[in-house]
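For reference, the structure discussed in these notes is given below.
Only the coordinates and a few stated rules stand behind these numbers; no lab work does. The model shown is predicted, which means the values in this text are computed figures rather than measured ones. Glycine also receives a Cβ, built like all others from the backbone with ideal geometry; neighbour counts cover every protein chain displayed.
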Amino acid sequence: MEPISIGLGIVIGGLLTGISVFAYLGRKAARDAEAIRRLEEQRSGLDQELAEVRTQAASFDRQVAELETRLDEQQKRSGEIRERMVETFAKISQATVDSNSKTFLQLATTKFEPFKEMLNKTQTAVQELETKRVKAYTELQEATRQIITVNNRSEEHTSELQSRSDLVCRLLLAKKKKKKIQ
C-alpha cells in the first residue's frame, strides 16, 4: 500500500470521525440546551412555588400570632371565671355551713333540753353530796382528834395510877407519846 493512500485514508477517517464527533456534540449540545431550558422552566416554576409557599408561611405566621393572642385572652378570661367560681363556691359553702350549723344547734337544743335539765339536777345532787362528804370528813377528823386526845389522857391517867415500881412503863408511854407528836 502506498503511503499516500494510507495518508489519505487517515485524513478521510479523521474527517469522518470529526464530522461524527461534531454531529454527536451538536446533538448533545442541542439536548443539553433543551435540558437546560427545561431545568430553567422547572426552576422558574419552583421559584414561583417557593414564593407562594413563603406567602402562605407569612400568612400562617400571622394566623398563628392571632391564635396565640386569642388563646392568651381566653386563658385570662378562663382564670377570671375560675376565680369567680371559687369565690362563689366559697360563699355558697359558707352559707350552707352556717345554715346547717344553725339548724343543727336548734335541733340539738330541742332534742337535748330534757337531758340538760337532768344534767342540772345531777350536778346539784353531786354538789350536795360533795358538801355532805366534806362535812362528814371534817366531822370524822374532829372525832378522830377527840379519840386521840381521850386516849392520850387515858394513858396519862393510867401511868399516874401505876406505882413507882412501874416507872419504866411510864417512861415508855412518854416516849411513845413523843413519837406520835413528831
Self-check item: Given charges at Cβ of Lys, Arg, Asp, Glu: the chain dipole, positive-most of Leu172, Ala29, Val97
Solution: Leu172
Quiz item: Comparing Glu49, Glu73, Glu87, which has the greatest mean-square fluctuation in the GNM of the chain with Cα pairs linked when under 10 Å apart?
Solution: Glu49
Quiz item: Under a GNM of the chain (C-alpha, springs under 10 Å), which listed residue has the highest mean-square fluctuation: Thr144, Thr122, Thr88?
Solution: Thr144
Self-check item: For segment 30-153, the spread of Cα positions along each principal axis, largest first, Å
Solution: 159, 43, 19
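If you scale each eigenvalue of the Cα gyration tensor by 5 and take the root, what three semi-axes come out for segment 1-77, rounded to whole angstrom and sorted largest first? Spell out each step's value before the answer.
Working: eigenvalues 1002, 16, 4 Å².
So the equivalent ellipsoid measures 71, 9, 4 Å along its semi-axes.
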Practice problem: When you have a sec, figure out the Kirkwood radius of segment 29-70 from all distinct Cα pair distances and drop it here in Å to one decimal? | Solution: 12.4
Exercise. Calculate the dipole size of the chain relative to its Cα centre from +1 charges on Lys and Arg beta carbons and -1 charges on Asp and Glu beta carbons; express the result in debye to the nearest 20.
Key: 2520
Quiz item: When the helices in the chain are scored as -39500 (n - 2.57) per DSSP H run of 4 or longer and the sum is shared across all residues, what 222 nm value do you end up with, to the nearest 500 deg cm²/dmol?
Solution: -36500 deg cm²/dmol
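Where nothing but the Cβ of Lys and Arg (+1) and of Asp and Glu (-1) is charged, how large is the charge dipole of segment 71-117 around its Cα centre, in debye to the nearest 20?
Numbers: 8 positive and 8 negative charges, 23 e Å.
The dipole of segment 71-117 has a size of about 120 debye.
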Self-check item: Leading residue at positive end of dipole, the chain (Cβ point charges), from Met85, Ser59, Gly13
Solution: Met85
